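Engineer: I'd like to ask you about the structure that follows.
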Ligand SMILES: Nc1ncnc2c1ncn2[C@@H]1O[C@H](COP(=O)(O)OP(=O)(O)OP(=O)(O)O)[C@@H](O)[C@H]1O
Ligand SMILES: [Mg+2]
């Protein structure tokens with residue numbers, strides 16, 4: 001990997017007292033399709049707008065191709081944006097909308113004409129050159145917005161939930177079109193979405209944000225299979241997250257104890273008496289009536305839910321906690337009420353450190369509650 | 001059939017009083033004016049039969065046409081200056097923090113709470129030979145003899161602009177405030193500088209406001225008569241004064257009525273134009 005095309009260094013954004021982006025460090029590589037993914041309000045749009053130059057940066061620096069862009073206005077940055085509401089100029093035809101950037105650059109009329117025609121062809125809007133935006137459907141407006149941005153040959157294209165307003169079918173179609181376009185043109189895309197499936201299918205890399213903090217950045221596979229925080233494990237796909245306590249660290253692995261059983265897992269980097277999370281995806285969780293080496297976690301089959309290609313089984317553990325697992329329909333299922341041992345292939349489960357801070361909070365809260373109870 | 005009437009009854013009850021009001025205070029006087037315009041003037045300053053078109057024909061006369069074109073010119077100047085002055089005002093208000101906008105608009109409207117004749121009289125005391133401006137300028141030695149400011153065409157124009165500016169600002173404000181901010185960001189994103197954002201996006205998109213502001217300034221400016229009298233000394237005749245004179249001093253009611261109807265006609269044409277542009281706007 002060469003020098004990143006965009007580099008965010010300790011970027012902080014505050015609105016009044018409210019910190020909405022917290023010490024964000026992010027390197028975006030030339031030519032990659034990077035997705036900012038996270039729940040509503042986590043600061044995705046704000047981050048994108050800081051890169052585009054619509055919002056100032058409270059603290060930290062943003063570099064575009066190695067240059068600090070702090071003092072550059074949006075019109076001086078070699079990036080273009082596709083807005084969520086498209087933001088097409090309602091008083092201009094499709095053609096004039098697309099040509100807007102070239103007119104600003106004082107490109108020759110004949111060249112503008114030719115390049116607009118090429119663009120219109122590329123986004124398949126032939127025959128609609130003279131229409132006004134109000135006379136177009138959402139999907140068509142979307143194409144105009146993309147063409148209007150791409151015609152400027154930006155180094156980076158920023159897209160803020162560009163597919164949010166489209167229906168499911170059109171959305172799927174545009175997803176693959178956008179992806180192909182990006183591969184063909186080799187332009188860096190920074191794409192914002194809160195739809196994890198969209199992120200997983202389209203991206204080269206995904207940056208998962210939560211509450212203004214970058215939780216994890218990695219390929220879709222890494223994000224899905226090896227989540228690094230509980231939030232990522234929870235947010236991407238479905239996950240069973242079990243609280244556990246490390247009782248012993250030995251050659252064979254770590255011994256963890258839960259409210260409802262214990263297990264021995266191969267893992268490094270953990271210390272005795274540490275609280276951890278065990279995250280296992282439903283499709284990786286298995287059950288059996290036999291004993292399994294290293295796993296001693298028992299529960300009762302509570303129900304089977306048929307959901308098409310797979311069957312979902314809910315198992316209630318001794319503590320009352322419910323875990324979900326999915327199995328192919330062809331598998332034989334244990335009857336409801338059967339006592340089963342649950343386990344997983346060790347490379348298919350993830351063990352995470354709990355954030356110490358969270359742990360302390362937990363302890364503090366417990367103490368407070370207890371204290372309060374004594375007073376009462 | 002019957003239940004239809006029952007359905008409509010509430011509607012009649014609601015618009016009934018308003019309709020009655022309009023009929024008594026707008027429609028009836030209008031019919032009265034139309035009627036008078038076809039009568040002839042009698043020797044005592046009243047009106048009499050026979051019905052005639054004489055008043056209308058007499059409008060086609062060089063001195064009336066001069067007054068007419070002078071009035072239109074003054075209204076045009078007033079409108080253009082109001083637009084030029086009002087646009088920045090409206091722009092600043094529309095871009096002020098939301099909590100301040102109400103107050104700023106209130107300040108624009110505030111003068112309306114004082115009778116406009118009194119306000120114009122205020123200008124009178126400022127501008128006249130021994131008025132505030134002249135005495136200040138003379139006392140600090142910038143001028144040695146008083147400037148002739150009152151009773152000039154410029155003073156009339158000033159008064160008109162002053163009087164009508166709020167009518168220009170309000171529609172401008174409404175259309176600037178409606179402007180989608182993301183369009184400005186999009187323009188900037190596509191490389192437009194501030195002046196270009198204005199000429200290529202803001203200005204064309206606020207055209208409806210500019211048009212509405214023009215009409216709402218131009219129409220009342222045609223009929224204002226007391227400003228040219230108080231600030232121009234009544235020496236230069238405009239349509240407004242002419243009409244007033246026909247009723248009050250020359251006592252030629254039919255001619256006054258015909259002139260008024262001409263003015264109403266111009267207004268209607270402009271209004272029609274206005275609604276037409278408005279409906280085009282909705283279609284876009
Ligand atoms: N102009 C503003 N003034 C004050 N707070 C703002 C402003 N813009 C955004 N915020 C706050 O900043 C936080 C992040 O907003 P942002 O728009 O970046 O979220 P997002 O991740 O894009 O969410 P969504 O998926 O809903 O679009 C939110 O809590 C929001 O309320
Ligand atoms: Mg957003």
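Engineer: State all residues of region A:172-196 that are within 16 Å of ligand 1 (Cβ to nearest atom) and more than 14 Å from chain B (Cβ to nearest Cβ); if no residue qualifies, say none.
Structural biologist: Within region A:172-196, A:191, A:192, A:193, A:194, A:195, A:196 meet the criteria.
Engineer: Can you find a residue in region A:14-26 that is away from ligand 2 (no atom under 16 Å from the Cβ) and under 23 Å from residue A:163 (Cβ atoms)?
Structural biologist: yes
Engineer: Which condition from (1) away from ligand 1 (no atom under 16 Å from the Cβ); (2) at pLDDT below 95; (3) within 14 Å of chain B (Cβ to nearest Cβ) is the one that residue A:120 breaks?
Structural biologist: Condition not satisfied by residue A:120: (3).
Engineer: Identify, by number, the condition in (1) within 13 Å of ligand 2 (Cβ to nearest atom); (2) within 11 Å of chain B (Cβ to nearest Cβ); (3) in contact with a strand residue (DSSP E or B) (Cβ under 8 Å, 6 or more places away or on another chain) that residue A:85 doesn't meet.
Structural biologist: Answer for residue A:85: the failing condition is (3).
Engineer: Could you tell me how many of the residues in region A:211-244 are farther than 20 Å from residue A:281 by Cα and surrounded by fewer than 16 Cβ atoms within 10 Å (Cβ to Cβ)?
Structural biologist: 1
Engineer: Please work out which residue is nearest to residue B:205 (Cα to Cα), limiting yourself to region A:88-99 and to residues that are in a loop (DSSP other than H, G, I, E, B) and more than 7 Å from chain B (Cβ to nearest Cβ).
Structural biologist: By that ranking, first place goes to A:92.
Engineer: Residue by residue through region A:142-156, note down the ones that are away from chain B (no Cβ under 11 Å) and in contact with a helix residue (DSSP H, G or I) (Cβ under 6 Å, 6 or more places away or on another chain).
Structural biologist: A:144, A:147
Engineer: Could you go through region A:72-95 and let me know if any residue there is at pLDDT below 95, more than 23 Å from the chain's Cα centre (by Cα) and over 30 Å from residue A:129 (Cα atoms).
Structural biologist: yes
Engineer: Follow-up question, since we're still on this one. Checking residue A:71 against (1) touching a residue at least 60 places away in the same chain (Cβ under 8 Å); (2) away from chain B (no Cβ under 14 Å), which test does it fail?
Structural biologist: For residue A:71, the exception is condition (1).
Engineer: So if I check each of A:60, A:43, A:53, A:66, which one is away from every other protein chain (no Cβ under 14 Å), surrounded by 19 or more Cβ atoms within 10 Å (Cβ to Cβ) and modelled with pLDDT under 95?
Structural biologist: A:43
Engineer: Taking the condition within 16 Å of ligand 1 (Cβ to nearest atom), touching a helix residue (DSSP H, G or I) at 6+ places or on another chain (Cβ under 6 Å), touching a residue at least 12 places away in the same chain (Cβ under 8 Å) and assigned by TED's automatic domain parsing to the domain that holds residue A:162, does residue A:57 pass?
Structural biologist: Judged against the criteria, residue A:57 is a match.
Engineer: Of everything in region B:173-199 that's assigned to a helix (DSSP H, G or I) and under 29 Å from the mean Cα position of the chain (by Cα), which residue is farthest from the other protein chains (Cβ to nearest Cβ)?
Structural biologist: B:173
Engineer: I've got another one for you. Give region A:20-46 a look and list any residue that's over 13 Å from the mean Cα position of the chain (by Cα) and either more than 9 Å from ligand 1 (Cβ to nearest atom) or not assigned by TED's automatic domain parsing to the domain that holds residue A:191 (or both), or say none.
Structural biologist: Those that are over 13 Å from the mean Cα position of the chain (by Cα) and either more than 9 Å from ligand 1 (Cβ to nearest atom) or not assigned by TED's automatic domain parsing to the domain that holds residue A:191 (or both): A:22, A:23, A:24, A:25, A:26, A:27, A:28, A:29, A:30, A:31, A:32.
Engineer: Name the helices (runs of 4 or more DSSP H) wholly within region B:49-142 that hold at least 3 residues that are touching a residue at least 24 places away in the same chain (Cβ under 8 Å) and under 30 Å from residue B:234 (Cβ atoms)?
Structural biologist: B:54-59, B:62-95, B:116-127
Engineer: Evaluate region A:59-78: report whether one residue or more is within 16 Å of ligand 2 (Cβ to nearest atom) and part of a loop (DSSP other than H, G, I, E, B).
Structural biologist: no
Engineer: Tally time: how many residues in region A:60-73 are within 22 Å of residue B:197 (Cβ to Cβ) and within 16 Å of ligand 1 (Cβ to nearest atom)?
Structural biologist: Residues flagged as within 22 Å of residue B:197 (Cβ to Cβ) and within 16 Å of ligand 1 (Cβ to nearest atom) within region A:60-73 amount to 0.
Engineer: Can you name the residue in region A:28-54 that is assigned to a loop (DSSP other than H, G, I, E, B) and within 12 Å of ligand 2 (Cβ to nearest atom) and, of all such residues, is nearest to residue A:211 (Cα to Cα)?
Structural biologist: A:42
Engineer: Given the condition in the same structural domain as residue A:266 (by TED's automatic domain parsing), at pLDDT 85 or above and more than 22 Å from residue A:243 (Cβ to Cβ), answer yes or no: does some residue in region A:280-288 qualify?
Structural biologist: Within region A:280-288 (the criterion being in the same structural domain as residue A:266 (by TED's automatic domain parsing), at pLDDT 85 or above and more than 22 Å from residue A:243 (Cβ to Cβ)), the answer is yes, since at least one residue qualifies.
Engineer: Can you work out which of the residues in region A:157-171 that are farther than 17 Å from residue A:5 by Cα and touching a strand residue (DSSP E or B) at 6+ places or on another chain (Cβ under 7 Å) is nearest to the other protein chains (Cβ to nearest Cβ)?
Structural biologist: The selected residue is A:160.
Engineer: Something else: Kindly indicate whether residue A:178 is under 28 Å from residue A:226 (Cβ atoms), within 16 Å of ligand 2 (Cβ to nearest atom), buried (at least 21 other Cβ atoms within 10 Å of the Cβ) and more than 12 Å from the chain's Cα centre (by Cα).
Structural biologist: It is false that residue A:178 is under 28 Å from residue A:226 (Cβ atoms), within 16 Å of ligand 2 (Cβ to nearest atom), buried (at least 21 other Cβ atoms within 10 Å of the Cβ) and more than 12 Å from the chain's Cα centre (by Cα).
The values are calculated or read from the model by the stated rules, or taken from the named source; none is laboratory data. Here the structure is a predicted model, which means the values were calculated and not measured. Cβ sites come from the backbone with ideal geometry, for glycine too, and all protein chains shown count toward neighbours.
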